[in-house]
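Take a look at the structure below.
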Amino acid sequence: MEWTDVQYERKNIIGRGSFGDVYWGTCRGSTVALKVLQAKSNFQHLAEIRHEIEMLSKLKHQNVVVWMGLIEGGGKYGILMSLEKTSLKDVIYKMGPLETLKKWKYSIDICRGMCWLASKNIFHRDLKPDNILISEGGDCRIADFGLSTILEPSEFLIDRAGSKSWMAPEVFLKKNITNKADVYAVALIVWQIFTQEPLFDDLTSSSLENSIVTGHRPSLSSLPASLQEILGEGWHNDPQKRPTFPELLRKLETALHEAYLKEFPCGLQFWGEHFKGMAFVPWTEFFNKLKGNCTCVSSLKEDILKHYFGVVDSTPIVTIERFRFFLSWFEDLKVFSSEPRVLLPFKVLSDALNTGWLGGIIDYETAVCRLNLVPDQTTTFIVRVNNGQTGCNPFEFPFVLCTRKTTGEVTQAIISATPTEFMVVLENQQSPYIHKRVPITTFIETLQRKVLKGYPIGKLLSASVPSLYT
């Protein structure tokens, strides 16, 4: 590719990397990032650089910046790359608190990219948040391979390179340096992602090298125990005791799964089998896996399931956190019947929708019309999904119980919950009726059973806990 194919201006600088500055520009109609190599750079190994860039441009990975080739002409050289949205450094330190799920995603993204690079024997040597970019779609992409080299498993280096704060002890010592130095750097970056604190802020530049070589590391006290162990291994002083990138990836994926789903063994198995290491899953992919694992899911209205899994049309994504909320309300994905395969929560939902007492996402007027179709002198009810009130907890105000008494009067009760109890608030009353927390399926089935037995609704809602749940 030639310089005439590229248009850029010096004022459009977007970053500085090893051996050159990076600019926003265009190439053959596409927006790109252009790294212009410094004129003073040593190009005696240009053939090796060209070979590496050509290799990277062919072997693409979702978590590595897309390299588009080398530009040369007139004694000037440039590297053409995909243009990404921002840097991980800016996300960590300039854009406010990060969602915990994004912290997990970014950490696993980086590790996946490094697994791929390690499989190609590529030793990055300058990993830091500045050199990790965030794409428009929210994926982490490893960038700036100015110091990178091809290093076979049996080889090691003895020269010092990289950015001091992320240098492993053996790099400072110039002793038997392998890609375990990259593992060390990734452990530090994961710490930065989760804490959003400056790295080695407690050290001066003059004391940094000696402190790192003698084992000084950032504090792990604010992190979950599982992550403390992973990072402690990752930045171990002895490179031989650090995990490989595939091992580190497996540890992070397992820690993510267990952080959200440890108390739900069936849900943990389902997520681990189909969405390994994923914090965010496209709705279509999630729904198709559910249908493949549970025959009764197909009979459920998709909009009902979307509501329970917090899916909105503008961003059709299911998170592992929302999946956990669903399991905490509807019970674990226990197998109700294996032939054909049926999972209990979806069977209960499917049966409820078919019998009519779970009205789904309907308004009050529709609920009243349905109740008025029931023969006179019958106390009955319908539960509708409450679309109008949601809080931080996706199920803070999940349902409205619409009841038609024998007099024909229809009243509403909002059902909300805490981790230990249900609160049922009747219309025109301030004080809620409190009941112990049980799965929604049990709560609704209890209501149905009591009402069908002629239990007066007022007495039902004010009943003591033993009489309501026995």
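No value in this document is a laboratory result; all are computed from the given coordinates. All figures in this text were calculated on a predicted structure; none of them were measured in a lab. Cβ: placed from backbone, ideal geometry, glycine included. Neighbour counts: every protein chain shown.
Observations, loosely collected:
- Using the Cβ-Cβ distance between Lys76 and Glu285 with R0 set to 41 Å, the FRET efficiency works out to roughly 0.35.
- Distances between placed amide hydrogens fall under 5 Å for Thr86 paired with Ile134, all partners being 5 or more residues away or on another chain.
- Long-range HN-HN contacts of Ile14 with modeled amide H, under 5 Å: Val22, Tyr23, Trp24
- Burial ranking of peptide ranges 101-109, 167-175, 309-317, 77-85 (average Cβ count within 10 Å, highest at the top): 101-109, 77-85, 167-175, 309-317
- Taking 10 °C and 1.306 mPa s as conditions, the stretch 205-267 diffuses translationally at an estimated 117 µm²/s according to Stokes-Einstein applied to its Kirkwood radius (Cα pairs).
- On full extension, the segment bounded by Ile362 and Thr26 gains 115.9 nm, given 0.36 nm per residue less the C-alpha separation.
- FRET efficiency, 1/(1 + (r/R0)^6) with R0 25 Å, evaluated for Thr407 and Thr442 via beta carbons: 0.30
- Our summary of shape: the Cα atoms of the stretch 86-258 have principal axis extents of 40, 36, 30 Å, ordered from largest down, in whole angstrom.
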